[in-house]
């Protein structure tokens with residue numbers, strides 16, 4: 001439901017699509033250049049790609065929540081016109 005509100009169909013969003021194709025390889029190359037051994041560099045590159053994926057997922061979740069709150073807020077506007085106006089009560093003043 002939320003994916004339809006924000007205009008995304010929900011299909012095609014996998015970790016392979018969200019992380020750029022050369023990201024783990026280029027990160028591995030960078031880590032190798034900084035002195036990591038090949039196995040550690042591969043694991044670190046995978047960790048960097050996973051962190052990027054989590055940032056993307058968090059941003060998409062934030063956008064879905066933002067749209068949901070916006071729609072809910074706009075949905076409350078008609079109820080404002082259904083509320084009764086409060087008139088001041090005329091009577092003895094309390095001390």
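Here are some notes:
- Yes/no for residue 53 being closer than 29 Å to residue 72 by Cα, touching a helix residue (DSSP H, G or I) at 6+ places or on another chain (Cβ under 7 Å) and modelled with pLDDT of 55 or more: yes
- Count of region 25-40 residues which are in a helix (DSSP H, G or I), surrounded by 14 or more Cβ atoms within 10 Å (Cβ to Cβ) and either in contact with a helix residue (DSSP H, G or I) (Cβ under 7 Å, 6 or more places away or on another chain) or at positive phi (or both): 4
The values are calculated or read from the model by the stated rules, or taken from the named source; none is laboratory data. Keep in mind that this is a model prediction, so the values were computed, not measured. Note: ideal-geometry Cβ built from the backbone for every residue, glycine included; neighbour counts use all protein chains shown.
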